[in-house]
Amino acid sequence: MAKNGNDAEIDEGLYSRQLYVLGHDAMKRLQNSNVLISGMKGLGVEIAKNVILGGVRSVTVHDQGVAEWRDLSSQFYIREEDLGKNRAEVSQPRLAELNNYVPVTAYTGALTEDYLTKFQVVVLTNSTLDEQLHVGEFCHSRGIKLIVADTRGLFGQLFCDFEEMMVYDTNGEQPLSAMISMITKVGPYVLGARHGLESGDYVTFTEVQGMTELNGCQPVEIKVLGPYTFSICDTAGFTDYVRGGIVSQVKMAKKITFVKFQMTDFAKLERPGQLHVGFQAIHAFQKKHNHLPAPWNQVNNMTVEILCYPNLYILEQLDEALIKKMAYVSAGDLAPVNAFIGGLAAQEVMKACTGKFMPIMQWLYFDALECLSEDEGEMLTEEECAPRNSRYDGQIAVFGTKLQDMLAKQRYFLVGAGAIGCELLKNFAMIGLASGEGEVIVTDMDTIEKSNLNRQFLFRPSDVTKMKSDTAAAAVKQMNPSIRITGHQNRVGPDTERIYDDDFFESLDGVANALDNVDARMYMDRRCVYYRKPLLESGTLGTKGNVQVVIPFLTESYSSSQDPPEKSIPICTLKNFPNAIEHTLQWARDEFEGLFKQPPENAMQYLTDPKFMERTLKLPGAQPVEVLDAVFKSLVTDCPHSWADCVAWARNHWQCQYNNNIRQLLHNFPPDQVYIDSGAPFWSGPKRCPHPLEFSTSNDLHMDYIVAAANLFAQTYGLQGSTDRAGVVKILQEVKVPPFTPRSGVKIHVSDQELQNSNSSVGKGQISAWQQAAVFVTHIFSQRLVHDDDTNFHMDFIVAASNLRAENYDIPPTDRHKSKLIAGKIIPAIATTTAAVVGLVCLELIKIVQSHKKLESYKNGFMNLALPFFAFSEPIAAPKHKVGAIYLFQAAHTAGVGVFFFFFFFVFLFYWIIEFSVLCRMTEIVTKVSKKKLGKHVKALVFELCCNDLSDEDVEVPYVRYTIR
C-alpha cells in the first residue's frame, strides 16, 4: 500500500478535483495528519468515509459496541451477517478499500489520554456527555483538535474546538486581480477596472510604469472607495505614476482563537439555544436510564422527565413542543441526517488539518422537523415505531412503518451515477427506497476513471473502465440486498425518448438528477413538468452546494430561473490581445480544436457527403472560406506522408504562430502606436505589447510543443509518432523554414464589432481549385480533447501552446495542473460537499413520498462549507394565471416547450386547421407539416396555442395535449 506522509508525492491523477478545491500546500498538510474517529454507527462511518477519501495520513476507527439491527438503517458498511460483531472491526476492511494511500486501523480499547496523544484530530460520535467533556478538556490542553458530532433522529449537532489555529485561506476563492488605469498621490487612490475587492483586503502590484516602488511591494491593506477605486499606503515619496499596472489580491493568514461558547444556526434564529439544552437533557436521561427515550412514547413520562432537566430553564422561554419532538425521535438513526452532518464534520476535520477555510465557531445545530407529518394533530404511536429487528428500525423509530412501506414501493429514475449519483444510491439503499415492489433505474453513459475514485465512493481501482451505472448498482446491492435497481447506459435526450417514453415516465413516482451540465438538467426538468413528476435537483462546485425541489403545481420548475451565462472572452482578445493566462489557455484549446478536431471532421464530411460543399457555402460571413481552406490544407497541402513530414509541419506552424503572426501584428500596430484622436498609447491598459519568439531546440518548452504537435498531427493521419527528442532534433535540422516579411494591407481587427462587420466571400476560382485538387487521403481521424489522459499528447500540446503564447505577451505561465482546470473546464469537487448536499436531497425525498402539500414544508438549500455558510428557503411558488374562473399553472405550460412536436397557431389559422382535420387525422396533419413520421413510441402530441383577446393583446393559455389512440 502506498502511504501519505512527509515525503509522499501527491497523486494528481487521483486527487485532481480535490486539489482544485484545497490546493497543493493544504493537501500536503492533510497528508501529514493522523485522525481518530470514535463511534462507528451511521454518522461515524460517514465521517470516516469522507476523511479517508480526502487523503489524510491515517485514520483510526474506534468503537467498543457491537452491531445492532437499528445500525443497518444508516451504517452502510455493516451487513446483516455482521450483527453482534464489533462495529469498528467490521467497518475497517471496507473503509480501507476507499483509498490505498490511507491506512485504516480498528481500535476497540478505551480512549486513554496516552492513546489520544497519537492524533492531530479527534472526532467523537455516539459518545456520552461525560466522555465529551473529559476528552475535550484533555485535547484542549494538548493542542489536539476536537470535533464532536451527534445526530438524534431529525436533529443534528456539531462542535469544534481547535483552540488556536492559523487559517491560510478563509474562503477558498481565487485571488482577484485588475488592470490599473491611474494611481494618484493625493489620497492616495488607485483607479482601474472593476476590482471586486473589500476593505481590509491586502494587495500587491506588478507592471506599474513610473511609480515602480509599488512593483513587488509587501502586501498593502486597502480601503475600498467604490467598485473601481480604493486607497492604499502613503505614496507621497514615490515617483510619479505613468501608466499600466496590475493589482493582485494576496491571501493573508489569519489567527483564529476559539471562544468558550458560540452558536451557529440555519436561519431558525430561536432554535440553537433550545436544541443545545435539548441535547443535554437527552444525555442526562440516557445516563440515568442507560437507554434513550422510547420512540414516540407518550405514556410512561419519559418526555416529562426530560422536560424536568434543570438546564432547560436557563432559556427565557422553553419550547416544550420542540423538546417533546426531540424526545420522541431521539432513538432514531437517519441516513440523510447522518450524511449531512457527516459531510460537515469531515470538512471540519480537513480544516483542522490544513488551515484551509474558516472553521465553524463553535456549535452548529440542525433540524429537519418538516419531514414529519404536516398535520400537527397527527401523532405516531409507540407501537408503530417500536423496533422490529429490521434493518430499518432506526428509521421506523422516527416515521413508523407506514412510510417504510411507501418507500419500498417507490419507482425512481436517477439520472447520473457520478459523485452525487453514488451518494444518492447509498442513501436510497439505506432508507429502503424501492426495496419492495418499487425500482430504481439509474442511467449513466460514462465509464469509471481514476479521478472518479476520490469522490465516487462506490467505485474501486479495479472498476476503472467499467460502466458507472452497473458498477454502482452492484455496490449498493451489497449494502442492502433488498433494493431493486437496474442500470442503464443511455444519455437522456430526444434520441432516447423511444426508451424513456410515455409509459416509462408515467410509471415513475419521481426523478432525481445527478447531472453535471445545464442542458441535460433543463431537458429532464421539461420532461418532469410535462409528466407532472417531482424532481430532485442538486449540484456542487468545490465547497459550494445547492438543492432544489420541484413539485408539480406547487413550486416553480428548475428552468423557471437560471444563472446568468458565463462571461465569454472577446474573440479579438483571444486572437490578438490576450492579457491573462485564461486567455492563452482558451486560445490553446481553440488551436487544438482548430487543428486536430474540426478540420478532420470537415474533411471526412467532404469525402463522404456529396452535399457538404453546398451546405458549407451557405454559412454566414467568413465561415465558408475558413472551413473550405482548412479542408483543402488537411487533404492536400498539409497532408503528411511520414513522421518527418509531421515534425516539419509542427516546426512551420510554430514559426507561424509565435513569430510570423506576432511580427505582422507589430507591423500593423508598432510598439509606439498611438490613437490619432486622443494621443493615448495603443498598447496600454488591457492591450499588452507582444514580442516574437525565436525557435531553439535547446528550449524545453519549444521542444514540448514540437513533439506534442507532431504526434497529434501523425495520429490524425494514422501515422506512427515518436517521443525520441534526439531524433526530432535531427529532423528539425533538415527543416527549411520559409522566410517571412510582414505585409502592408493586412487587416487585423481590433474589436469584435469590426470582426462582425467584415465580410469574406468565396470566389468561383477558389471553389474550382479546391474541387480539382488531387486527394489521396481516404480517411482522417478527428481528436476530441481528453484532459485526464497524460499519454495522448492533448494536454502536452495545450500547456506548451498556452505558455508559448503567454511568453509572447509577457504573461506569467502556469503549470499543467492549473492548465487542466481552465482548458478542460473541470468542475472542482470534494466528497464532503457531495455527502452534505445529498443528505438534504433525501430529506426532501422523504417529504415527497409522504405527499406533503404545503410549500413551506419543502426547503431549497445553498451552502458553502468554506465560509461556512448555509441558507434554506421555501421554494418559489409556481406562477398562476387566471383565465375566466380557472387558475392555470404557468410552470406546467412553459416547461413543456420542446418535448415533442410544437406548432404555433395564430387565431386566423385555427379555423383552417379545424376544417382541414375533418378530412385528415391530426397525426396526418403533423406528418405533413413537420415532414417527419411519428415514431411508434409517440402516444401524444403537444400543441402550443398563440391567442389574442378582443383588444389584440397576447393571451397565455396552456398547451393542448392530443392523445393518440
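The values are calculated or read from the model by the stated rules, or taken from the named source; none is laboratory data. The structure presented is a predicted model; accordingly, all values stated were derived computationally and were not measured. Using ideal geometry, Cβ is built from the backbone for each residue, glycine included, and neighbour counts are taken over all protein chains shown. When the accessible area is computed, the model is the full protein with side chains, heavy atoms only, and any ligands, DNA or RNA have been set aside. Shrake-Rupley method; radii C 1.70, N 1.55, O 1.52, S 1.80 Å.
Considering only alpha-carbon pairs that sit under 8 angstrom and 6 or more positions apart, the relative contact order computed for the range 177-250 is 43 percent. The Thr239 and Leu619 beta-carbon pair, evaluated with R₀ = 41 Å, returns a calculated FRET efficiency of approximately 0.15. Just in the range 479-562: which chymotrypsin sites (Phe, Trp or Tyr not before Pro) are loop by DSSP and have at most 16 other Cβ atoms within 10 Å? Qualifying residues, ordered by number: Phe553.
Fully extending the segment from Asn517 to Ser231, taken as 0.36 nm per residue of separation minus the present Cα-Cα distance, adds 98.8 nm.
For the chain, averaging the sequence separation of C-alpha pairs within contact (under 8 Å, six or more residues apart) and dividing by the residue count gives a relative contact order of 13 percent. When the charge dipole of the chain is built from unit charges on Cβ atoms (+1 for Lys and Arg, -1 for Asp and Glu) and taken about the Cα centre, the candidate among Val21, Val121, Val190 whose Cα reaches farthest toward its positive end is Val21. When +1 charges are put on Lys and Arg Cβ atoms and -1 charges on Asp and Glu Cβ atoms, the dipole computed for the range 177-250 relative to its Cα centre reaches about 200 debye. The heavy atoms of Leu275 present about 0 square angstrom of accessible area, all protein chains included, probe 1.4 Å. Taking all protein chains together, Asp367, Asp446, Asp677, Asp796 sort by accessible area into Asp677, Asp446, Asp796, Asp367, largest first [probe 1.4 Å].
The DSSP beta bridges internal to the chain are antiparallel in roughly 65% of cases.
Charged side chains reduced to their Cβ positions (Lys and Arg at +1, Asp and Glu at -1) give the chain a dipole of some 1660 debye around its Cα centre. Note on the chain: dipole from Cβ charges, positive end direction compared against Thr543, Phe258, Ser642; the farthest Cα belongs to Ser642. Magnitude of the charge dipole for the range 1-130, about its Cα centre and with charges confined to Cβ atoms of Lys, Arg (+1) and Asp, Glu (-1), is about 180 debye. Of the trypsin sites (Lys or Arg not before Pro) found in the range 918-954, the ones in coil according to DSSP and having at most 10 other Cβ atoms within 10 Å of their Cβ are Arg921, Lys931, Lys932, Lys933, Lys936. Cross-link pairs exceeding 31 Å in C-alpha to C-alpha distance, out of Lys254/Lys544; Lys356/Lys820; Lys618/Lys936; Lys730/Lys825, comprise Lys618/Lys936; Lys730/Lys825. Ligands, DNA and RNA excluded, the heavy atoms of Arg29 present near 80 Å² of accessible surface to a 1.4 Å solvent probe. Residue ranking by accessible heavy-atom surface, 1.4 Å probe, largest first, among Cys422, Cys217 comes out as Cys217, Cys422.
A probe of 1.4 angstrom, applied to the heavy atoms of all protein chains, finds Met179 with accessible area near 50 square angstrom. In the range 499-577, Cα pairs under 8 Å separated by at least six residues give a relative contact order of 23 percent. Projected label points at Glu305 and Ser561, each 7 Å from Cα along the beta carbon direction, are separated by 4.7 nanometres. Residue farthest toward the positive end of the dipole of the range 323-395, with Cβ of Lys/Arg at +1 and Asp/Glu at -1: which of Cys385, Phe366, Gly355? Toward the positive end, the furthest listed residue is Gly355. Hydrodynamic estimate: the Kirkwood radius of the range 121-208 over Cα pairs, inserted into Stokes-Einstein at 37 °C and 0.692 mPa s, corresponds to D of 186 µm²/s. Rounded to the nearest 10 degrees, the inclination of helix 700-716 to the longest alpha-carbon principal axis of the chain is 90 degrees. Three semi-axes describe the equivalent ellipsoid of the range 579-810; taken as square roots of 5 times the Cα gyration tensor eigenvalues and ordered largest first, they are 29, 26, 16 Å. From its DSSP helices (H runs of at least four residues, each -39,500 (n - 2.57)), the chain gives a residue-normalised ellipticity at 222 nm of -11000 deg cm²/dmol. Counting only protein chain heavy atoms and rolling a 1.4 Å probe, the accessible areas of Glu213, Glu437, Glu626 rank, largest first, as Glu437, Glu626, Glu213. Between Lys288 and Thr212, residue separation times 0.36 nm minus the direct Cα-Cα distance comes to 20.1 nm. Please identify every one of the trypsin sites (Lys or Arg not before Pro) in the range 599-692 that sits in a loop by DSSP and has no more than 11 other beta carbons within 10 Å of its own beta carbon. The qualifying sites are Lys611, Lys618.
Note on the range 177-250: semi-axes of the ellipsoid equivalent to its C-alpha gyration tensor, largest first and rounded to whole Å, are 16, 12, 12. Computed over the Cα atoms of the chain, what is the ratio Rg over Rh, Rh following Kirkwood? Rg/Rh for the chain comes to 1.00. Gyration tensor analysis over the Cα atoms of the range 314-412 returns equivalent ellipsoid semi-axes of 30, 21, 12 Å (largest first, whole Å).
Could you tell me which of rounded, prolate or oblate describes the range 1-152, using a ≥ b ≥ c as the square roots of the eigenvalues of the alpha-carbon gyration tensor, with rounded for a/c under 1.5 and, failing that, prolate when a/b is larger than b/c and oblate otherwise? Judged from the Cα gyration tensor, the range 1-152 comes out oblate (a/c at least 1.5, b/c at or above a/b). Using the structure shown, select from Lys145/Lys251; Lys611/Lys633; Lys49/Lys324; Lys145/Lys287 the pairs with a Cα to Cα distance greater than 31 angstrom. Those over the limit are Lys49/Lys324.
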